[in-house]
Amino acid sequence: MKFVHIFIITSILFSLNSLKADDVKTENEIAKNLRCLICQGQSVYDSDSEFAISLKLVIKNKIQQGMSEEQIYSFLKIKYGEWILYEPEFNKNTYFLWLLPILMFIVGGAIIFKLFIIRKN
Amino acid sequence: MKSKVFPLVLILFFFIIFVIFFKGLKNSNIYTPKTNLEIKVPSFELKSFENNNIISETIFKDDEYYLMNIWASWCIPCREEHEFLMELKKNQKIKLIGFNYKDNFKNAKSFLKDLGNPYDIIVIDEDGTSSIDWGAYGVPESFLIYQNNIIKRFIGPINNDDLLGIQKIIK
């Protein structure tokens, strides 16, 4: 009986532990996707400025409150503007940015197709 | 014909890229957010200097102007702006709220003892999480508040021009 008790307790502890580990992982992931606004060329994750330390704490609290990654991003976007997110959103200012690689890929493919395949025939 | 167009296009392409990057050199690489935004005051519940719990809704009344100033005793620029805050304190139409950011209580007390206390209320943000709700970057930073809206924000220390600007708005 005692063995069963110990088993249950340890298994609960371990599952708590892994939950915690998951939280830390998402926490770090979010921090890596945020620009430290008062540093140059650093993410919030990399920075040890007072701003970044507080922000990491806020992210941690929000995760504990059960907020999703998306919700945290949109919360910070309201507070600090889109600039805080490393990944630019898809809107009319960034159409060119997002679509240019695809366009280049298609045009490049067309050139290759024309040069090698059509010429061969 | 074909061999003439291609180098021309290539040169034009690199020229355009050069112009874009050359212009980019002159852009400021420090991000400055918009400072004239009308945002609702975020709500908070913090300890005051006298160790009371303070809820934001009880501080900000609709018909008065408030300047919420984020400061800390360890912040050097805060010392520079302090004289302007003391000057602003003389104006009856505005209330100053101190937002003590990540500070040591003892140091904060002696800071105010040395330089004077311009604040009507001081709240303590021990871990800096409340300042994130305000969209603040650090210290010093100030928010001019009217009718529960942030009508202007000052990033960095307040100078004489800012002081005159505030006095003009609240006139």
Problem set entry | Every residue from region A:64-87 that is small (Gly, Ala, Ser) and facing chain B (nearest Cβ under 10 Å) | A:81
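Does residue B:92 qualify as being among the polar types (S, T, N, Q), away from chain A (no Cβ under 13 Å) and free of Cβ contacts under 8 Å to residues at least 60 places away in the same chain?
yes
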For this session: Identify, by number, the condition in (1) within 18 Å of residue B:131 (Cα to Cα); (2) within 11 Å of chain B (Cβ to nearest Cβ) that residue A:41 doesn't meet.
Result: (1)
Exercise. Is there a residue in region A:35-45 that is among the hydroxyl-bearing types (Ser, Thr, Tyr) and touching a residue at least 40 places away in the same chain (Cβ under 8 Å)?
Worked result: yes
Problem set entry | Filter result (in contact (Cβ under 8 Å) with a residue 40 or more places away in the chain, touching a strand residue (DSSP E or B) at 6+ places or on another chain (Cβ under 7 Å) and over 13 Å from residue B:121 (Cβ atoms)) within region B:44-70 | B:65, B:70
For this session: Confirm whether residue B:133 is more than 18 Å from residue B:41 (Cβ to Cβ), facing chain A (nearest Cβ under 10 Å) and surrounded by fewer than 18 Cβ atoms within 10 Å (Cβ to Cβ).
Result: no
Problem set entry | Residue check, residue A:7 in a helix (DSSP H, G or I) and at pLDDT below 90 | yes
Exercise. Would you pick out the residues in region B:146-171 that are at pLDDT 90 or above and of a type in the set (D, E, K, R)?
Worked result: B:161, B:162, B:168
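Yes/no per residue for (1) in contact (Cβ under 8 Å) with a residue 60 or more places away in the chain; (2) not β-branched (Val, Ile, Thr):
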residue	(1), (2)
B:98	no, yes
B:119	no, yes
B:122	yes, no
B:127	no, yes
B:132	no, no
Exercise. Any residue in region B:98-109 that is within 19 Å of the chain's Cα centre (by Cα), among the aromatic types (Phe, Trp, Tyr), within 24 Å of residue A:50 (Cα to Cα) and outside any loop (DSSP other than H, G, I, E, B)?
Worked result: yes
Problem set entry | Condition broken by residue B:167, with the remaining ones in (1) within 15 Å of the chain's Cα centre (by Cα); (2) surrounded by fewer than 16 Cβ atoms within 10 Å (Cβ to Cβ) satisfied | (1)
Exercise. Do we find a residue being within 14 Å of chain A (Cβ to nearest Cβ), surrounded by 11 or more Cβ atoms within 10 Å (Cβ to Cβ) and modelled with pLDDT of 90 or more anywhere in region B:21-41?
Worked result: no
Exercise. Would region A:85-105 turn up any residue that is modelled with pLDDT of 90 or more, of a type outside the set (A, V, I, L, M), part of a helix (DSSP H, G or I) and over 30 Å from residue A:44 (Cα atoms)?
Worked result: yes
Problem set entry | Within region A:64-73, considering residues that are surrounded by fewer than 10 Cβ atoms within 10 Å (Cβ to Cβ) and not in a helix (DSSP H, G or I), the one nearest to the chain's Cα centre (by Cα) | A:66
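Quick check on region B:156-166. Is at least one of its residues of a type in the set (Val, Ile, Thr), within 14 Å of chain A (Cβ to nearest Cβ) and either out of contact with any helix residue (DSSP H, G or I) (no Cβ under 7 Å at 6 or more places or on another chain) or not in a helix (DSSP H, G or I) (or both)?
No: zero hits.
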Exercise. Say we look at region B:1-20 and pick out the residues that are within 14 Å of another protein chain (Cβ to nearest Cβ) and either modelled with pLDDT under 90 or not in a helix (DSSP H, G or I) (or both); which of these is nearest to residue A:42 (Cα to Cα)?
Worked result: B:6
Problem set entry | Within region A:74-121, considering residues that are touching a residue at least 40 places away in the same chain (Cβ under 8 Å) and surrounded by 10 or more Cβ atoms within 10 Å (Cβ to Cβ), the one nearest to residue B:137 (Cα to Cα) | A:80
Exercise. What are the residues in region A:44-63 that are in a loop (DSSP other than H, G, I, E, B), within 12 Å of chain B (Cβ to nearest Cβ) and either hydrophobic (A, V, I, L, M, F, W, C) or exposed (fewer than 15 other Cβ atoms within 10 Å of the Cβ) (or both), if any?
Worked result: A:44
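The values are calculated or read from the model by the stated rules, or taken from the named source; none is laboratory data. A quick note: this is a predicted structure, and the numbers were derived from the prediction, not measured. We place every Cβ from the backbone using ideal geometry, glycine too, and count neighbours over all the protein chains shown.
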